[in-house]
Amino acid sequence: MGHEGGQDWGVVLSLAALVMFSAARQKDLNPLAPGVYLDRALSVMRSKAVTAPAVDWVTVTREARRMAADARTPEDTYPAIRYALDQLRQAGDLHATFLYPSEADAFAQASPPLQPPAVALVQGRLGKVTLPGLIGPSEPRDARRYVTTVLSGIESLQSRYRPCGWIIDLRGDTGGNVYPMLLSIGPIIGEGQVAGFTGRNGFVYWITYRRGTLSGGGYTARAPLIVRPIAPRRPVAVLTSQLTASAGEFVTVAFRGRTQTRSFGAATGGYTTGPRVFRLANGAELFFGISYYVDRLGVVYRHSIRPDVTVYLDEAAASRWLRSTHACTQKSRSN
């Protein structure tokens, strides 16, 4: 090997080649390069989605890459990514959705409740709580207002009328932020383990309600005011419909396994996965479930939830059942 001026030109050339190779590799791994962008999306779905084990990823990957073979930009890969997400939907995750960057930005904006929650006395002896959806990452003030409205109404009815039973109307609860919903009806659900989530590894992390606080999975949410649990525990009728979805279905599950509880109406929408957002390099987002819902008895819900009583006139049927319970037929309803 020749030397000139102390330089080992073989080493210099080797280092130059290494630099060129590293630069080429970094270029290949540019997150906005179509191939890298698509593979990243496929990898996240395959490794994180709760329904991924039911998908043939060899076939899906091959087809997605074929669809994006001529891609020149990340946007050119969108049809292939939507195709892969559709496989998750077909496997049972109705949350699986692709959001364009502009849609992701809009989704991240705070959204007020679709309608305010309501608490009322019906038929003179029954309390009724109507919970609407609370879509998106709602402003803290919206969530506080939601919880305060319901808890104040429950406390007022309890102190003035002491309802012998409660109707929880989830027919218009299309989902969103589940924690304000659960905090709102904590005094009716009762303290203790209410529901949970389970992922692909089978581990369950439980959501527990105590003294106006929900905790679980490292997360804590506190109600803006404390209302004592209703004691003795009263019977509850839960109303559901096809519009009951996502967080609304988690609230439905939170009542499953509770004593003195029965559900009425129609099967829920089937969005029984706990969703999470995964952001891609250009701001687009993958939205899909990473867990299933679990009731307090350990039953896992992977599909639409059927009520105990399928009936068209659901509120009338629910009221009849509540009035027939011991809590409502006994002469004295004092605590």
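The values are calculated or read from the model by the stated rules, or taken from the named source; none is laboratory data. Not measured: the values here are computed from a predicted model. We place every Cβ from the backbone using ideal geometry, glycine too, and count neighbours over all the protein chains shown. Heads up: the accessible areas ignore ligands, DNA and RNA and are worked out on the full protein's heavy atoms, side chains in. Shrake-Rupley method; radii C 1.70, N 1.55, O 1.52, S 1.80 Å.
Stretch HIS303-GLN115 to full length: gain in nm at 0.36 nm per residue minus the Cα-Cα span?
Numbers: separation 188, 0.36 × 188 = 67.68 nm, distance 2.66 nm.
Full extension of this stretch gives 65.0 nm more.
How high is the FRET efficiency between GLN193 and GLU63 when r is their beta carbon distance and R₀ equals 41 Å, given to the nearest 0.05? My answer for the efficiency is 0.45.
Evaluate E = 1/(1 + (r/R0)^6) for THR259 and SER43, where r is the Cβ-Cβ distance and R0 equals 51 Å; express this FRET efficiency to the nearest 0.05. Write out the running numbers ahead of the final one.
Details: r = 45 Å, r/R0 = 0.88.
After rounding, the FRET efficiency stands at 0.70.
The Rg/Rh ratio of region 98-225, with Rg taken over Cα atoms and Rh as the Kirkwood radius over Cα pairs, comes to 1.01. When only the Cβ of Lys, Arg, Asp and Glu is charged (+1, +1, -1, -1), the dipole of region 26-181 relative to its Cα centre reaches about 560 debye.
Distance between the pseudo-spin-label points of ARG72 and ASP86 (7 Å out from Cα toward the beta carbon): 2.5 nm.
Carbon and sulfur atoms: what percent of the 1.4 Å accessible area of the chain do they account for? Could you put the intermediate results ahead of the total?
Numbers: 8900 of 16570 Å².
Here carbon and sulfur together make up 54 percent of the probe-accessible area.
Along region 163-178 the Karplus relation, 6.51 cos²θ - 1.76 cosθ + 1.60 evaluated at θ = phi - 60°, assigns HN-Hα couplings of x, 7, x, 10, 10, 10, 8, 10, 5, x, 8, 7, x, x, 8, 6 Hz to successive residues, with x for each Gly and Pro.
Among the complete DSSP H segments of the chain, which ones combine at least 24 Å of alpha-carbon extent along their axis with a mean Kyte-Doolittle hydropathy of 0.0 or more?
Working: long enough: 9-28 (28 Å, 0.88); 140-160 (30 Å, -0.63).
Taking the DSSP H segments of the chain (at least 24 Å long, mean hydropathy at least 0.0), we get 9-28.
Determine the calculated [θ] at 222 nm for the chain from helices alone, applying -39500 (n - 2.57) to every DSSP H run no shorter than 4 residues and normalising by the residue count; nearest 500 deg cm²/dmol. One gets -11000 deg cm²/dmol as the mean residue ellipticity at 222 nm.
Applying D = kT/(6 pi eta Rh) to the chain, where Rh is the Kirkwood radius over alpha-carbon pairs, T corresponds to 20 °C and eta to 1.002 mPa s, the Stokes-Einstein value obtained is 95 µm²/s. Longest stretch of the chain clear of exposed loop sites (chymotrypsin sites (Phe, Trp or Tyr not before Pro), DSSP loop, at most 11 other Cβ atoms within 10 Å, sites excluded): 1-202. Per residue, the chain exposes an accessible area of 49 Å² to a 1.4 Å probe, with every protein chain left in place.
Normalising the average separation of contacting C-alpha pairs (under 8 angstrom, six or more residues apart) by the number of residues puts the relative contact order of the chain at 17 percent.
Expressed as a fraction of 2.2 N^0.38 Å, the value expected for a compact globular protein of N residues, the C-alpha radius of gyration of region 153-304 is 1.07. Among ALA281, GLN87, SER246, whose Cα sits farthest toward the positive end of the charge dipole of the chain (+1 at Cβ of Lys/Arg, -1 at Cβ of Asp/Glu, about the Cα centre)? Going by the Cα projections, it comes out as SER246.
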